[in-house]
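One structure is given here, and the rest of the page talks about it.
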Amino acid sequence: MVPCIKYPNCSKCPPKLSRDKKGKDYTCKACGAKRMTLWEVPTEKLKAPDVTVQDFKNVLKHAFSSVSPEELEQYTEWTKQFGQEGA
């Protein structure tokens with residue numbers, strides 16, 4: 001079992017409504033997806049999703065540098081003067 005990349009999995013997945021009776025089965029008859037909480041997933045079937053190159057590309061779209069070009073220059077100069085170990 002892996003988390004859904006897209007929610008819902010298909011256009012026929014049943015939505016969870018506040019007026020639904022407790023214990024209703026939300027298994028999709030079209031794609032087979034079953035709605036459950038993390039705690040309901042059997043331990044032996046719980047799998048972390050694989051990290052892909054696309055995941056990194058998505059993050060880079062919103063990432064920004066936390067180090068300014070001036071700070072990088074200071075580091076470069078320090079490294080030239082003292083070496084990487086600082087001695």
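With the simple spin-label model, which puts each label point 7 Å out from Cα in the Cβ direction, the Glu77 to Lys22 separation comes to 6.8 nm. Qualifying chymotrypsin sites (Phe, Trp or Tyr not before Pro) in the range 29-87, where qualification requires a DSSP coil assignment and no more than 12 other C-beta atoms within 10 Å, comprise Phe64. Among the listed pairs Lys16/Lys45; Lys16/Lys47; Lys16/Lys61; Lys12/Lys61, which have their C-alpha atoms separated by more than 29 angstrom in this model? The answer is Lys16/Lys61; Lys12/Lys61. Per residue of the chain, the DSSP helices (runs of n ≥ 4 H) give a summed -39500 (n - 2.57) that works out to -7500 deg cm²/dmol at 222 nm.
Using a Gaussian network model of the chain in which every pair of alpha carbons under 10 angstrom is joined by a spring, one finds that among Val67, Val41, Val53 the greatest mean-square fluctuation is at Val67.
When the trypsin sites (Lys or Arg not before Pro) in the range 46-87 are filtered for DSSP coil states and for at most 15 other beta-carbon atoms within 10 Å of their beta-carbon, the remaining sites are Lys47, Lys61. Only loop residues by DSSP count here, and only those with at most 15 other Cβ atoms within 10 Å; note down the GluC sites (Glu not before Pro) in the range 6-87 that meet that. Listed in order of number, the matching sites are Glu85.
Bear in mind that the values in this text are calculations on the coordinates, not laboratory data. Keep in mind that this is a model prediction, so the values were computed, not measured. Cβ sites come from the backbone with ideal geometry, for glycine too, and all protein chains shown count toward neighbours.
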